[in-house]
Amino acid sequence: MKAIQLHELGEPDVLAIHEVPIPEPAPGEVLIKVHAAGVNPPDLYVRRGFVNIPREIRPQVQLPHTPGTDVSGVVVASRSAEWREGDEVFGLLRFPPTGQKGRAYAEYTTAPAADLARKPAGIDHVRAAAVPMSALTAYQYLFDHVRPAADQTVLVNGAAGGVGHFAVQLAKHLGASVIAVASGRHEQFLAGLGADRFVDYTSQDVATAVKDVDLLIDTVGGPHAHRLLPVVRPGGRIGAVFPGDYRGSRSSWRRCTRTGRSWASWPI
């Protein structure tokens, strides 16, 4: 079979297509014919050798390595009672990544049975492969870490992105009022997902356009993340999905509480 592999660590040019043997599923695993694979930030971390993690706890990538954690496809062989040949499945494989082989950037991959779910009939494999990590990250923030009350207001920064658009839907599911921040071309898309208000950051200053938010879900982060602190009400919370500079001023930090990260966004 063909697989995209790393034989050395580095930038995207180290990714190359290689002919490799089709893997054999271990007990409790299945062999999947891959129809689509998702691309996520941890794939970049692996490719670079986890240089974003302190050296003393940095995982070692076993080379050659086939990246990819999000997959959708069809079971072609099973050593598990949960799945049969022909089942359409999708899932998040062996996460967090530790340098193991047999991942999703290949024509076939093995998967632990518990890492899979049945692919919904209403979506194709490409869309299914884009769901697992992004949706799980959003779910963990909204349900496990910073669950808003039904009468609260949630602002999602980067609302049209992978995690962001799931966060919008899950916050609405919990009954919150949702403000979506993205570029103007995504306004109708986010309205269709249930956003109550849309702010185009390319034409508006979000920090002056929005006030008294109970919860900020920030999927963007970065060196200018502290610019959003003024939107959060006194005692409000920030769910930071990606690293950001939230230092602001001392008065800004007294106004809000930053929450912990979910393991679904590890490592950041």
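Things worth noting here:
- Within the stretch 21-88: Cβ-based charge dipole about Cα centre, in debye rounded to nearest 20 (Lys, Arg +1; Asp, Glu -1): 400
- Taking only alpha carbon atoms, the chain gives an Rg to Rh ratio of 1.02, where Rh is the Kirkwood radius.
- Between ASN52 and GLU107, the FRET efficiency estimated from the beta carbon spacing at R0 = 35 angstrom works out to 0.70.
- Entry note, the chain: the mean residue ellipticity at 222 nm calculated from DSSP H runs of n ≥ 4, each adding -39500 (n - 2.57), is -4500 deg cm²/dmol after division by the residues and rounding to the nearest 500.
- From phi via Karplus (6.51, -1.76, 1.60), per-residue ³J(HN,Hα) for the stretch 66-77 in Hz, x at Gly/Pro: 9, x, x, 10, 8, 9, 9, x, 10, 5, 10, 7
- Of all aspartates and glutamates in the structure, the ones whose alpha carbon falls short of 12 Å from that of LYS2, not counting any fewer than 8 places away in one chain, are GLU19, GLU107.
- Helix axis angle, 162-173 relative to the chain longest principal axis, alpha carbon, degrees: 60
- Where both bridge residues fall in the stretch 133-260, DSSP classifies roughly 0% of the beta bridges as antiparallel.
- With Rh defined as the Kirkwood radius, the inverse of the mean 1/r over Cα pairs, the Rg/Rh of the stretch 2-130 is 0.98.
Every read-out reported here was derived from the displayed coordinates using simple, explicitly stated rules and does not represent laboratory data. The model shown is predicted, which means the values in this text are computed figures rather than measured ones. Glycine also receives a Cβ, built like all others from the backbone with ideal geometry; neighbour counts cover every protein chain displayed.
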